[in-house]
Amino acid sequence: MLRTIVSSTSRKFPFRATTRLMSAGPPPFHYQELLDLSPDATTEYRKLTSDYVSTLDVNGTKFLKVEPDGLRLLAAQAMTDISHLLRPGHLQQLGNILKDPEATPNDKFVALELLKNANIASNFVLPSCQDTGTAIVMGKRGQMVLTDGDDETHLSHGIYDTYTGTNLRYSQVAPLDMYHEVNTKTNLPAQIELYATKGNQYSFLFMAKGGGSANKSYLYQQTKSLLNPKSLMKFLEDNIKTM
């Protein structure tokens with residue numbers, strides 16, 4: 001709503017008009033997830049086991065019960081797959097480069113080497129990358145999912161099983177004091193974030209954050225003036241060279 005205010009100021013300039021934008025009030029409340037994912041209609045899932053999960057009825061409401069060993073198994077298998085397998089869609093994109101008439105010889109060389117590496121890693125002996133990273137888990141547990149309450153412990157145990165029982169590198173260090181640190185030799189602690197949501201479903205996202213987990217993080221505090229293509233590209237070019 002626009003509102004014009006007219007006032008007298010002096011004999012020479014007797015009137016002054018000011019136009020103000022009067023707010024009609026805040027918009028109605030609407031909750032929006034910070035990372036709102038689109039429906040997952042393309043990912044193919046495989047069943048690990050029928051054990052460790054069950055359902056029970058409480059006053060007409062169906063609850064999902066998840067045993068500790070189920071969380072442990074899931075975490076162990078997820079971290080194994082992350083380190084050794086690529087998604088079918090990823091592999092298909094690499095294969096498409098080899099068939100692309102517009103791809104350069106260098107494009108095809110890189111794509112072929114990545115496919116060779118994926119083939120070696122898929123044998124579950126050597127991982128696809130030597131930096132097998134920090135284990136990161138995000139979970140969303142519905143209010144009708146029952147566990148023993150120590151979910152972080154069981155997920156960490158599964159991560160421990162994978163890193164100590166395979167050829168994955170230990171990337172985590174623990175501080176002893178201000179100046180000294182030591183490798184934990186288990187790749188723990190993991191970063192585990194669990195959230196409450198509605199329903200009787202327990203959803204997880206597993207990641208392995210590599211790239212120098214402990215010593216390759218930088219914070220650059222900049223202004224909004226950086227947010228244009230020319231300035232941003234120069235900023236990236238200048239600072240990537242320092243890494």
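FYI, it's all coordinate maths here, none of it is from the lab. Because the structure is predicted, anything quoted here is derived from the model rather than measured. Every residue, glycine as well, gets a Cβ built from its backbone with ideal geometry; the counts of neighbours run over all protein chains shown.
Odds and ends about this structure:
- When the alpha carbon gyration tensor of the stretch 156-234 is reduced to an equivalent ellipsoid, its three semi-axes come out at 31, 24, 13 angstrom, largest first.
- Acute angle (nearest 10 degrees) that the helix 229-240 long axis makes with the longest principal axis of the chain, alpha-carbon atoms: 40
- The chain: relative contact order in percent, alpha carbon pairs under 8 Å with at least 6 residues between: 19
- Between the alpha-carbon centres of the stretch 217-232 and the stretch 27-62 there is a gap of 37 Å.
- Debye log10 I(q)/I(0) at q = 0.07, 0.08, 0.13, 0.14 Å⁻¹ for the chain, Cα point scatterers: -0.44, -0.55, -1.10, -1.21
- The stretch 81-153: mean projected area of Cα convex hull, nm²: 7.7
- Share of pairwise Cα separations in the stretch 91-199, more than 25 Å, in percent: 50
- Value of Rg to Rh for the stretch 113-170 (Rh from inverse mean 1/r over Cα pairs, i.e. Kirkwood): 1.12
- When each of the peptides 41-51, 180-190 is scored by the mean number of other C-beta atoms lying within 10 Å of its residues, the order from highest to lowest reads 180-190, 41-51.
- Net charge contributed by nearby residues that have their C-beta within less than 12 Å of P101 (K/R +1, D/E -1): -1
- Using a cut-off of 20 Å between Cα atoms, the listed pairs K47/K209; K47/K198; K65/K140; K62/K140; K108/K241 include K47/K209; K47/K198; K108/K241 as exceeding that distance.
- Charged side chains reduced to their Cβ positions (Lys and Arg at +1, Asp and Glu at -1) give the chain a dipole of some 1720 debye around its Cα centre.
- For peptides 26-39, 145-158, sequence by mean Cβ density within 10 Å, most packed first: 145-158, 26-39
- Taking each residue as 0.36 nm, the span from T42 to E102 lengthens on full extension beyond its C-alpha to C-alpha distance by 18.8 nm.
- For the stretch 34-90, size of Cβ-based charge dipole, Lys and Arg +1, Asp and Glu -1, in debye: 60
- Helices in the chain, meaning DSSP H runs of at least 4 residues, each add -39500 (n - 2.57). Divided by all residues, the mean residue ellipticity at 222 nm is -10000 deg cm²/dmol.
- Formal net charge of residues neighbouring L35 (Cβ-Cβ distance under 15 Å; K, R +1; D, E -1): -3
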